[in-house]
Amino acid sequence: MNKRYAMVIDSSRCINCLACVVACQLTHQVPANFKRNWIRPGPWEFGAGVHYQPGNCMQCERPTCVDACPTGATYQDETNGIIRVNPKLCIACGSCIPACPYGARFRHPGKRIVDKCDFCQGRIGKGRSPACVETCPTRARIFGNMADAASEISRVLKARPTVRVINKKTDTEPAIYYLEKTSPLDWPVEANVPEAIRLWRDLFNPIVKAVVGMTGLAVLVMLGKQLFSDPNSEHRDQGHTGPNEAKQEMGKGPDDETPND
Amino acid sequence: MLGGLAGSPVPELKAALADTGPSTEFPSCCALCQVRCTTKVEVRDGKVVNVFGNPENYWTGGAMCPKGKSLVELTYSPHRILNPLLRDGNGWKRIGYADAVQLIADRILEVKRSNPEDFAHRVALFMPLWESRESELAALMALRIAGFPDTCSPGETCIASTSAALRICLGTANSTTNMDEMMNSKILVLWGLNLAEIYPTYTRWLLAAKEKGVEIIYIDPRRTATSNLCSLQITPRPGSDGALALGIAHILIKEDLFDKEYVSARITGFEDLSQAVQEYTPQKSAEITRLPEEAIVQLARRLGASPRTLVWLGGSLARYTNGLQTIRNIVSLQAITNNLDGPGKGIMDVLGGKPGGEEEFLEHYTDPVMSPRLAFRKILYNMKNGKVDVLLLNSTYRRYPDANAVKEAISKVGLVVCRGFFMNEEAELAHVIIPGCMPFETSGSMYGSQRQVLWRSKIIEKPADVVDEFRFYTDLGKKVSPEKFPSFDTPEKLYEAFRKTIPSWKGLELERVKASNTGITWPSFSRDEPESKGSIFKDGKFPTPDGKVLLNSKPMGTIRWEEPEGSPLNPKSHEYGKFPLIFTQGKVVQHWHHSYTNWSSYMAQFSEGNVVHINPETARELDINDGDWSWIETKIGKLKAKVKLSMAILPDVIWTPSYPSPKSPFPGNQGVTINTIIPNYWDKVSAQFNGFGCRLVKAS
């Protein structure tokens, strides 16, 4: 039976210590100011102060970043539900960046791919938890396989009411569930899949895959980079709430994929 | 680019141990705060690539905080100093390590020769060191055997007042119990302790205690992440905690909510306390603390009704000039309600206390008759007057109030030797820099806030020309006292010599400590005895002269509360009428004081430089808006900070983070050292960093 990986987050336990963010960056060699995961402070509430909402790629069932990907590099792994990036296909065009309402996609400055959380594929393959889960001092994040009724996450999902944090207009059906008391529930940013990309993908994606299958991608990647890649372009709407907005000096990163998984 | 500085390639590092596979995990422990998270360090090709908490650690459960993780980046930082350096007329030039040690030793010997009658205070050591207990012992031996007793102790800017008050009242400077006793409490009071930010990896205990039904009361003027984990928060205005304690004691005594039997059997000075609290009516303590009377009365009744209360003291309580009195007042509450010894009871401080035996061990090697050790302010005075010839600067001088004055005094020292990692403010003052090792590169023992002793093993080779502290101070000791300096070649040998000499360490055998995932609790007189956890008062007596809690110690004067010095509410202060806001500062979760985490880009991404948090009400009165730049002005100086409006701050109070460093290479961490504008106010034991007056002026 296929797995379905998901995360339940108890944001009432989060103390905003940021260890999950650094654990992730170290594990995946993501330089400072670029983030695969985040902690979002909620609004000040009278008598309750500020609470924190940890998050990361929501591994959506209706992944708009997959819709936006012109080369098929971003795809949902059918065996476990994780949205992954095939680095050989990714041309770093950045179409997926505005397509993700959560700001979970970013151009990795050292790898020339648009990176994202993959629930630490390498670590979970070895039976470990994702880095953010393992590091969290308050165990605010529970990770597991929803398809396994005996897993902790299935038990929590069954026993306790959960909510999903979504944009009102764009429900991407995230696989991150929050225990009921989290705020805010509404995600302010809409998914923005460029129409041209949608068209391109529908028309040409099968051809791209075929070309890749036959010849490798070198020529097309170069072409794609010419066409789509503009590191200075602003891919976000005003007021985008996401972890990767800071534009700072780019650090040097490794060429290989997530060696610390 | 300077020789050996930024830009130099980190030398290729080899795996310290044979048979390391492509990625191997090594046990270690974090060298930063006193939680002492034990860790698993991932090494690939001889290089540390990641670090995670050790899931078997009893106290942390395998968690880590971002600071500890920053050590991976810092170890390979391009900004790290990789060679000993000597300042000459043209700046820095490389110097061989052996030549550097010889130069320092020659100068120290020269100081002794030129001042045969009066050399003892002409050489001083800045504590703490970075690496281990053994490196600290080696440094202390190197100087003391040569006849130099002076150390600038970090306690004077930390929680020395708390330790001193606990020692006077209870006969021990340590926490009286362990953290897990909170599970046996009915009420846990976090008094000025923002645990979620100071010791994030302990917070799971708060959650567990809360789930078990323990009521957690948090006393802190500022709303923090810790607030979210507590049942109730009380927000007295900064510096008034001692008055709150006396107000509570007033109600406990008046309403007969204290343990009379315990008081008569176990307390000396209760009459003085009763006398002192008479004037602290709910009305008066409410006026001082700016709390509603009802909140104080309710809190007192809750504490009076609790069968088991544990109080955990935050560091900030000691950082006011009334710190000693505040701590004594809080101890009094625990004493009269019979909450000092037994399960679920006690009083803990934030550092827990150092395992004993150090002085005893050092006395084996140093002459018994020595000049008395000087406190920091006396050493500062000597430096200012050119009476200190050599200063071994192992840690930051910026921890002191009026840090610019300290800088100026150090600049008058003939030879300043900096032991550091980066070109920071301390390096700027140095004549010689001997770069230090990062924690993964050395071995040695450490201790944690639960009195646990741990061993940190070397995991990777150090860069070729950096020098570990143990070696540097051993080499220096041998050169300045060739006949007397004992020959401990390795930290392991020193550890074992220590253990065999000090009875309370006998059971802490090296192999046993190394094999432990959590550390072993001191004291341990034999490896066969069970670990000594829980209340340290086992026999119904306190280690005070009469075996009772001492509340009316003569040297501490009458039981009282006083306005902190420099408080804008103190009519006698210079600040009164001129500096109307109350200054407070604090640590943030991503920084280890204002020290080397400032060299981490990962920590910088969460940092905002000099920022000042104020209540919107205060902002309205000052006509300042969120995001404005403003000057924080104090009696001695000013600095520019970005205003952030926050409901978490009380009106008429400002809060600013303590980490910024002007030398940090990363914008988020950069800023003016805030201690440069902190006026010099001290109680008998330690310095004040909060509670004095300041003003906020919009910057044009």
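Since every read-out is calculated from the coordinates, none of them should be taken as a lab result. These figures come from a predicted structure and were not determined experimentally. Counting neighbours? That spans all protein chains shown, and the Cβs are built from the backbone with ideal geometry, glycine included.
Worth pointing out:
- Counting Lys and Arg as +1 and Asp and Glu as -1 over every other residue whose Cβ lies under 9 Å from the Cβ of B:L207, the net charge comes to +3.
- Relative packing of peptides B:123-135, B:298-310 - highest average C-beta neighbours within 10 Å first: B:123-135, B:298-310
- Lysine pair number, Cα distance threshold 17 Å (strictly under), the range B:581-698, separation 8 or more or different chains: 6
- Among the listed pairs B:K260/B:K541; B:K354/B:K500; B:K40/B:K478, those with a Cα-Cα distance over 27 Å are B:K40/B:K478.
- Under-5 Å amide H pairs with B:V611, H placed in peptide plane, nonlocal only: B:K642
- When shorter helices are ignored and each DSSP H run of at least 4 residues is given -39500 (n - 2.57), the per-residue value for chain B at 222 nm works out to -8000 deg cm²/dmol.
- The range A:114-208 - Kirkwood radius from inverse mean 1/r over Cα pairs (Å): 16.4
- Pairs of Cα atoms in the range B:543-618 fall into 5 Å distance bins, from 0 up to the last occupied one, in shares of 3, 11, 12, 10, 10, 12, 13, 13, 9, 6, 1 percent.
- Size of the range B:581-698: Rg and Dmax of its alpha carbons, in Å, are 14.0, 40.
- In the range B:490-565, trypsin sites (Lys or Arg not before Pro) in a DSSP loop with at most 14 other beta-carbon atoms within 10 Å: B:R527, B:K538, B:K541
- Of B:T673, B:N625, B:C694, farthest towards positive along the dipole that unit charges on Lys, Arg, Asp, Glu beta carbons give the range B:581-698: B:T673
- Listed by chain and number, the lysines whose C-alpha is less than 22 Å from the C-alpha of A:K3, apart from same-chain residues fewer than 8 away, are A:K116, A:K126, A:K158.
- Of B:V35, B:P66, B:I330, farthest towards positive along the dipole that unit charges on Lys, Arg, Asp, Glu beta carbons give chain B: B:P66
- Normalised Debye scattering of the range B:652-700 at q = 0.26 Å⁻¹ gives log10 I(q)/I(0) of -1.09, counting only Cα atoms as equal scatterers and leaving out solvent.
- Note on B:Y576 and B:E279: with the Förster distance fixed at 35 Å, the Cβ-Cβ geometry gives a FRET efficiency of about 0.95.
- Distance cut-off 21 Å, percentage of C-alpha pairs in the range B:146-213 lying past it: 44
- About its Cα centre, the dipole of the range B:581-698 is roughly 340 debye, where the only charges are +1 on Lys and Arg Cβ and -1 on Asp and Glu Cβ.
- Shape descriptor for chain B: Rg over Rh equals 0.95 (Cα atoms; Rh from the Kirkwood inverse mean 1/r).
- Sites listed here are trypsin sites (Lys or Arg not before Pro) in the range A:22-119 whose DSSP assignment is loop and whose Cβ has at most 14 other Cβ atoms within 10 Å: A:K88.
- Within straight-line reach of B:K479, meaning a Cα separation under 16 Å, sit the following aspartates and glutamates at least 8 residues removed in sequence or on another chain: B:D99, B:D106, B:E110, B:E469, B:D489.
- Three semi-axes of the equivalent ellipsoid, the range B:116-164, Cα gyration tensor, whole Å, largest first: 22, 15, 8
- Rg over Rh [alpha-carbon atoms, Kirkwood Rh] for the range B:179-299: 1.01
- Between amide H atoms placed 1.01 Å from N, distances below 5 Å from B:F421 occur with B:G436, all of them 5 or more places distant or on a separate chain.
- Sparse-neighbour loop sites [GluC sites (Glu not before Pro); the range A:1-98; at most 11 other C-beta within 10 Å; DSSP]: A:E78
- The Rg/Rh ratio for the range A:15-86, using Cα coordinates for both the radius of gyration and the Kirkwood hydrodynamic radius, is 1.08.
- In this calculation the C-beta distance from A:E190 to A:R139 is compared with R0 = 45 Å, giving a FRET efficiency of 0.90.
- Amide H contacts under 5 Å for B:F525: B:G507, restricted to partners 5 or more places along the chain or on a different chain, H placed in the peptide plane at 1.01 Å from N.
- Inter-site label distance for B:D272 and B:K484 at 7 Å from Cα along Cβ, in nm: 4.0
- Take B:331-341, A:6-16 and order them by the average number of nearby Cβ atoms within 10 Å per residue, most first; the result is B:331-341, A:6-16.
- Reduced Cα scattering model of the protein assembly as shown, Debye log10 I(q)/I(0), q = 0.05, 0.09 Å⁻¹: -0.31, -1.03
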